[in-house]
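The values are calculated or read from the model by the stated rules, or taken from the named source; none is laboratory data. In this text the structure is predicted, and so the values were computed from the model without any measurement. Virtual Cβ from ideal backbone geometry, glycine too; neighbours counted across all protein chains shown. Ligands, DNA and RNA are excluded from the accessible area calculation, which covers all protein heavy atoms including side chains. Shrake-Rupley method; radii C 1.70, N 1.55, O 1.52, S 1.80 Å.
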Amino acid sequence: MKKLPVRILFTLVLAVTLQSANRLQSQTAPFKVGDSVEVMYAGTWTTGVVTKGLESGTYVVNHGSTIMYINQGPANIRAHKMTPAEKAVADQSAQALASRPTGNGIGAQYGGRSPATCKSRTAPPTAETARQYLLCDMEGIDFGNNLLLLTDVTVQLARPRAFNYNQDSSRLQIDVQAPVYDIRGGFKEYQCGKPILGSSAYVATHNCNLYEQPQAVGSCYRDTFGDWHCMMVGNRPASSNQVREQMPPR
């Protein structure tokens with residue numbers, strides 16, 4: 001076997017050593033906040049974004065709204081190049097965060113628009129006024145301190161009828177002498193919690209659950225103060241009709 005000169009052999013060994021060192025360094029170099037990574041989570045490589053840099057040997061990484069605590073090292077975390085779809089979501093989230101509503105209004109606290117309000121409720125319901133009354137009655141803060149907002153609201157108004165105790169007695173302060181209008185239609189309801197700021201743009205902007213109700217029924221009624229109210233209820237149960245991690249309407 002022909003022997004390589006010592007100088008050439010040394011050069012080859014040095015080159016291999018440097019290449020290995022560079023590869024190891026690229027795998028173990030600290031990732032920065034905002035870096036796209038893959039992490040070993042529950043036995044599977046999962047994509048995410050670094051939301052807290054290396055501290056005591058651990059990164060905080062978000063995959064959607066899932067928060068993961070990942071130990072450093074190439075066996076646990078590695079660089080990831082976003083797919084076009086992932087980049088589109090990241091860009092959309094960044095834009096939504098940059099343009100989020102400001103101020104102390106109710107909507108701004110949740111990153112969305114404020115609930116609808118009605119300056120007057122004295123006009124009898126039409127298809128348009130019934131829709132506005134419904135928004136005013138069904139949007140707002142619920143008992144769990146979530147913001148409720150509706151979109152894609154449609155309302156069809158039936159002929160007026162007389163008060164029916166079995167159907168209408170649960171309506172608050174209903175005027176039993178006034179006509180009642182049955183209504184039907186559909187809507188999308190967003191239930192939004194207050195966003196977690198200081199984490200990823202995705203988490204800060206995707207803070208709502210969506211419930212679609214394409215077939216809803218209800219009624220419009222006048223209360224004893226002369227104000228009209230409208231409400232509808234969908235037929236889809238929330239337990240099987242929830243779409244998580246949606247952005248609030250603006």
*Collect residues whose amide H, placed 1.01 Å from N in the peptide plane, falls under 5 Å from the amide H of S219; neighbours closer than 5 in sequence don't count.*
I183, M231
*In percent, how large is the relative contact order of the stretch 29-107, given Cα pairs closer than 8 Å and 6 or more residues apart?*
23 percent
*Spatial separation of Cα centroids for the stretch 44-118 and the stretch 172-193, in angstrom*: 37 Å
_Sequence-separation-based contact order of the stretch 74-171, relative, with Cα cut under 8 Å and 6+ spacing, percent_ = 16 percent
*How much accessible area does V233 have with a 1.4 Å probe, in Å² rounded to the nearest 10?*
100 Å²
*If the viscosity is 1.002 mPa s and the temperature 20 °C, what translational diffusion coefficient in µm²/s does Stokes-Einstein give for the stretch 73-140 when Rh comes from Kirkwood over Cα pairs?*
134 µm²/s
_Where chymotrypsin sites (Phe, Trp or Tyr not before Pro) fall in DSSP loop in the stretch 108-145, at most 12 other Cβ within 10 Å_ = F143
*the stretch 36-53 - phi-based ³J(HN,Hα) in whole Hz, Karplus 6.51/-1.76/1.60, Gly and Pro as x*: 8, 9, 10, 10, 7, 9, 6, x, 9, 6, 10, 6, x, 10, 5, 10, 8, x
_Kirkwood-type radius of the stretch 145-250, with distances r between different C-alpha atoms, in Å_ = 15.7 Å
*Which trypsin sites (Lys or Arg not before Pro) does the stretch 93-201 hold that lie in a coil by DSSP with at most 10 other beta carbons within 10 Å?*
K119
*Between S36, S240, S114, find the one with the highest GNM mean-square fluctuation for the chain; connect C-alpha pairs within less than 10 Å.*
S240
*Which of A162, A130, A94 moves most in a GNM of the chain, Cα contacts under 10 Å?*
A162
_Tell me the accessible surface of E139 in square angstrom (1.4 angstrom probe, heavy atoms of protein chains only), to the nearest ten._
20 Å²
*Cα gyration tensor of the stretch 57-191, axes a ≥ b ≥ c as square roots of the eigenvalues: rounded (a/c below 1.5), prolate (a/b > b/c) or oblate?*
prolate
*Considering the chain as a Gaussian network with a 10 Å cut-off on Cα pairs, which listed residue, G57, G105, G234, attains the greatest mean-square fluctuation?*
G57
*What residues from the stretch 218-250 fall in the zone where the backbone N is under 12 Å from a label point 7 Å along the Cα-to-C-beta line of R161?*
218-220
*When only Cα pairs under 8 Å and 6 or more residues apart are kept, what is the percent relative contact order across the chain?*
15 percent
*What size of dipole, in debye to the nearest 20, comes out for the stretch 119-250 about its Cα centre when the only charges are +1 on Lys and Arg C-beta atoms and -1 on Asp and Glu C-beta atoms?*
120 debye
_Positive-end residue, the chain charge dipole about Cα centroid, Cβ charges, pick of G112, I196, N146_ = I196
*Given the Cα-Cα distance of R244 and T117 and 0.36 nm per residue of separation, how much length would full extension add, in nm?*
43.0 nm
_Calculated SAXS-style log₁₀ I(q)/I(0) at q = 0.11, 0.16 Å⁻¹ - the chain, Debye, Cα scatterers_ = -0.75, -1.13
